[in-house]
Every structure is written in structure tokens, then in C-alpha cells.
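To keep things clear, I will list the structure first and then write my remarks on it.
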Amino acid sequence: MLQEEAAGKAPRTSLHGHWSSRLAFVLAVTGSAVGLGNIWKFPYLAGVNGGGAFVLVYLLCVVGIGMPVMMSEILIGRRGRRNPVATMALLGEEEGSSRHWRLVGAMGVLAGILILSYYSVIAGWTLAYTWKSAVGMFTGATTEQVGAIFGSFTENWLPVAVCHTLFMGLTIFVVARGVERGLEQAVRIMVPALFLLMLVLLGYAINSGHFAAGVDFLFSPDFAALTWDGVLAAMGQAFFTLSIGMGAIMAYGAYLPDETSITGTSAAVVTADTGIALLAGMVIFPLVFANGLDPGEGPGLVFVTLPLAFGQMTGGAFFGTVFFVLLVFAAWTSAIGLMEPAVAWLVERYGRSRAQAAVMVGGLIWALGFGTVLSFGVLADFRFYKGTIFDNVDHLTSNVMLPLGGVLITVFAAWVMCRNSSAEELHGAGAMYRLWRFAARYIAPIAILFVFLKAVGVLPDLSGDA
Ligand code: PHE
């Protein structure tokens, strides 16, 4: 599969092989996008930030910022066909700018490492919850019992660390094997299955939950409940859930065949990802209200709500187990994307084998993960700036590094790259192209910077209503 790039004008190819088809790419990007972000993070952030208004801002960010950033990332990745660091350096030079654009790639590599350090811990929770469901621990459990199970599990560092270790092992294993084997297969089954199961859960929520209250919470915007910090969180979540701003999609784009439509692919991925997040919200909030739970519960929200529901429904142990297995898979296919930029970089830059690189990067991430493991236990009271170590890593990555990466990526694709280059990748200069270019030149960077400055309080409050 190794295809050395011939000197001269031969078409650029990736060192790591290519996706076997357009569908394979769509599946891989969807697999990267759909993950804990949709089912764990979206509901709890929406809950903490007051519901409807947060959701509305999130949706606006997905369409106005997420779409153009994703298209920019894929087109840069495919044009460079290298790891994000080398791709940015190469294109920066090729477009008559600077090799220093590689710093954008480097920031992405770092963001991926930091995100995976906590992502893997939460994925470890889902592993443990698969087991807990399977042995019937939630059958007939009360709200208090389910809460107690979550509390005592996450407080205890050892079992959490074991699950985190297991999950990192799984991730290293697949990343070491390369892009085509394993990865494509997993997504092909996992994404549709997850979708189906969410529909089953939706049926349950409609029958057994306070469905109207849940939907109302999720879709009636109450702007008084949303701070600028909340707006920043909504924007950060749009980045996080779509896997954009850190080079994961750029790395995947490097393996994309030339003839595939970037616009169509992006639209499909964005739709699927948003659909699953909204579904998760429509399942969880009716159950929250039916059981007198607190929507602002935080990172434990899904781990309390759903086990409670599974514990009460017929066949709940079975559905619960299947659900958590699917969630593990969803997290797994996302974790792979988080590691890919760093691994591709080590392979290309230092000539490491994929296996070596995966073990090195994975080991580092595993060690960093202890910051999060302990954030829910002995270090729960060790708080600074935004809260625990976990809170800070999450804030720094989702709300700062990803949006910043997004600005730089769109500015590069739409301002630095010449029209010919971007039009070639997007197959023509028609209306869709012009729409992308406008959004990538103006809407995305300006919106991101505006929210950013608002959240840190640099911009004055003129209307006085927020
Ligand atoms: N999008 C993934 C999720 O929602 C997380 C992720 C972020 C994956 C960035 C890859 C890159 O769970």
C-alpha cells in the first residue's frame, strides 16, 4: 500500500493509502464525528446552559461555521495529502505564503492529544456501563440508586483507570492497523445501528417520559438563560461534535480520492451528526423531567438518565447493554480520528512504523488521562480557572483551540489559497463554491472571533440584554 510520491508532477498520493470508496470516506468521517460528543456532551451542555437558546446557537454554528470549516479542512487535506503539519507547511509554501502555517497543524496535533486524554476516560465509563447493564445492575433501580452507582464508580480511580487503559489499548490497536482495515468495517455497522437504537429509545421516551417538557426545554429558546460563556460553549460544541478545527478531518481528507465531492460529503456528515445529537436530546430530557432529575447535572447526565430508563423498561438489561456497546464503538471510531494527526505526523516526519507511532502517542495520551481520571475523585476539589483539571482541558480544547484552529483553517483556505486551487478541489466555481467562499472568508472567521471576544469580555455590551 505504500505509494511513494514520484518526483515532479505526478499526482500527489498519501503514504498511508486511500479510502476504498466514497462511502468509506463518508462513513469514516461520520464515525469520527458521531461519538460521545453527540450522546454524552451535547445533552449535558444543553442542560447546563439552559436548553433551547443553547441549542439554537449550536445549530446556527453548525450550519454557518461548521459546514464551511469542514469543507475547508477536507479540501486542504486532500490537496496536501500529508499529515496536517506537513500539509499546512507544503500548501503554505505552494500558495506563496509561509511554511509557518504548519503551526496550525501542530496545534491540531496537540488538541487531538489533549482531547483524547479525557475522551478516553469517558469512553472508559461507557465500557464499565456496558458491563453494569449486562449484569443487571440497573434493573429496577431508583433514581437515588442510579446516582449512587455513578458517584461511587467515578470517585474510585482504579476501576476508572483500568477502563481508560482498556479503551486506549483498543484505540492504539486500530490506529496501528491503518486506515482501511478495521476502521471502515466498524463504522459501516455502528452508525446505522446506533441510529436505530436511538429511535427505539425515542419511542420509549415518548411513552414513558415527559416528552412535551423535554422537547420544550430543548427547542424553546430562552435567551435570558444563555450567557456569552454559554454561546462560546455552543460554538465549541459545534466544533467538537463535527471533529473540526484540529486536523482530524484534514488527515482523513488526505486519503480521499480526487473525484469525490467535498460539498456533498460534508453535508451528509453534518446532517447525520446533528440528527443523532438532537435525537439524544429528545431521548434524554423527557426522561430527566419524568424522573425529577436536574437537567444541569453535568457530565454524569447520560450515565444517570439512561440507566434509569433501561432499569424500568422490559428487556432493559438487553437494550442497555446494546446501547452502551454502540456508544463504545461510537467513541472508538472518534478516538481514532483524534489520534490520527499525531500518528501520521510521527510516521511521515520520523519514519516510525504506524504501530510504533500509535504506541508512543497512545502512551502519552494515556498518562495525561490521569488528570481526568482523578478529576472526578481525589482531585475533585482541586479547582482553578474553569474548574477541575477535566473542566480546564475541555475548555481549553473545545472553546479555545478548536475555534482558533477553525479561524486559521478557513482563513488559509479562503484567503491564502488562490481561487484556482480551492475551485479545483471543490470541482468548479459555481454557486455552491461562491457560497462556501463567502462563508469561509467572512461568516466563519468573524463569527468565531466575535463570540470569542464577547466571552472573554473584551467587547463592550451595547444592548445590555446579554
Ligand atoms: N466528534 C467527536 C464526538 O463528537 C469528537 C472528536 C473531536 C473526534 C475531534 C475527532 C476529532 O464525539
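Some values worked out for this structure:
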quantity	calculated
Dipole magnitude of region 128-216, debye to nearest 20 (Cβ charges: Lys/Arg +1, Asp/Glu -1, about Cα centre)	320
Residue-normalised accessible area of the chain, given per residue in Å² at a 1.4 Å probe	38
Histogram of C-alpha separations across region 257-319, 10 Å bin width, %	18, 35, 22, 15, 9, 0
Difference of contour (0.36 nm per residue) and Cα-Cα distance, PHE195 to ARG383	64.0 nm
Using a Förster distance of 30 Å, the FRET efficiency for ILE446-ARG188 (Cβ separation, nearest 0.05)	0.20
Euclidean distance of C-alpha centroids, region 26-93 and region 376-406, integer Å	19
Net length gained if the chain between THR139 and GLU259 were fully extended (0.36 nm per residue, minus Cα distance)	38.1 nm
Sequence ranges 121-129, 240-248, 273-281, ranked by mean other-Cβ count within 10 angstrom, highest first	240-248, 121-129, 273-281
Paired Rg and Dmax values of region 186-291, which use every Cα atom, in angstrom	17.0, 51
Alpha-carbon spread of the chain, three principal axes, descending order, Å	68, 54, 41
Protection proxy ranking of 133-145, 34-46, 308-320 - average other beta-carbon atoms within 10 Å, highest first	34-46, 308-320, 133-145
Reach of LYS454 by Cα under 14 Å, taken over aspartates and glutamates that are not fewer than 8 positions away in the same chain	ASP229, ASP465
Computed magnitude of the charge dipole of the chain (debye, nearest 20; Cβ of K, R +1, Cβ of D, E -1)	1080
Region 208-355 shape via C-alpha gyration tensor axes, a/c threshold 1.5	prolate
Rg over Rh [alpha-carbon atoms, Kirkwood Rh] for region 279-355	1.22
Stretch gain in nm, segment ASP229-ALA268, where the contour uses 0.36 nm per residue and the Cα spacing is subtracted	11.1 nm
All-pairs alpha carbon distance profile, region 116-241, 5 Å steps from 0, percent	2, 8, 9, 14, 17, 19, 17, 10, 4, 1
Assigned charges on the beta-carbon of Lys, Arg, Asp, Glu; region 319-466 dipole about Cα centre (debye)	360
Share of carbon and sulfur in the accessible heavy-atom surface of the chain [1.4 Å probe, %]	67
Intensity falloff of region 84-188 expressed as log10 I(q)/I(0), Debye formula with alpha-carbon point scatterers, at q = 0.15, 0.16, 0.21 Å⁻¹	-0.82, -0.87, -1.10
Cα gyration tensor, region 51-135 - rounded (a/c under 1.5), prolate or oblate	oblate
Region 178-241: C-alpha gyration tensor shape, a/c 1.5 cut-off, then a/b vs b/c	oblate
Top positive-direction residue, dipole computed over the chain with Cβ charges, set LEU56, LEU218, GLY337	GLY337
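The values are calculated or read from the model by the stated rules, or taken from the named source; none is laboratory data. Keep in mind the model is a prediction, meaning the values are calculated, not measured. Neighbour counts run over all protein chains shown; Cβ positions are idealised from the backbone, glycine included. Areas reflect the complete protein model, heavy atoms only, side chains present, ligands, DNA and RNA absent. Shrake-Rupley method; radii C 1.70, N 1.55, O 1.52, S 1.80 Å.
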